[in-house]
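Comments concern the structure below.
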Amino acid sequence: MPRWLYLLPLNFVIVSFLVFAAIFLLMIKRSRDKNRKADPLSIIAIFIQALAFAIAWTIGLIIASIVYYLGTVMRVRSEEKLLREQFGSQYEEYAREVPALIPIRLR
């Protein structure tokens, strides 16, 4: 898989953040236009939209984190299986001393 493909989700996040930030700033500018009468409901609407946006991003981040964690666990299990087949007892000793997800020697 090409390396640039790994950055594709990050590009979507950045672009969508910039689009929504521009919309938010445009709505604030429109609500403060001197030709228009100040409308507190429009500021409340902007706040509610920003809050809904933040909640949606949080939910998306939680779901993405869960998917990433499950994928990592699956990858670690398959790698450990291959390492046990290839190195045998040497890897068994190493696996007893070092955790699988964060490989730092604890002893």
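A short reminder: the numbers here are calculations on the coordinates, not readings from a lab. Here the structure is a predicted model, which is why all the values come from computation and not from measurement. Virtual Cβ from ideal backbone geometry, glycine too; neighbours counted across all protein chains shown.
In which sequence would I59, I46, I28, I102 go, from the one with the fewest C-beta neighbours within 10 Å to the one with the most?
Ordered from fewest to most neighbouring Cβ atoms within 10 Å, I59, I46, I28, I102 come out as I102, I59, I28, I46.
Cβ crowding within 10 Å ranks F47, F87 as F47, F87, fewest other Cβ atoms first.
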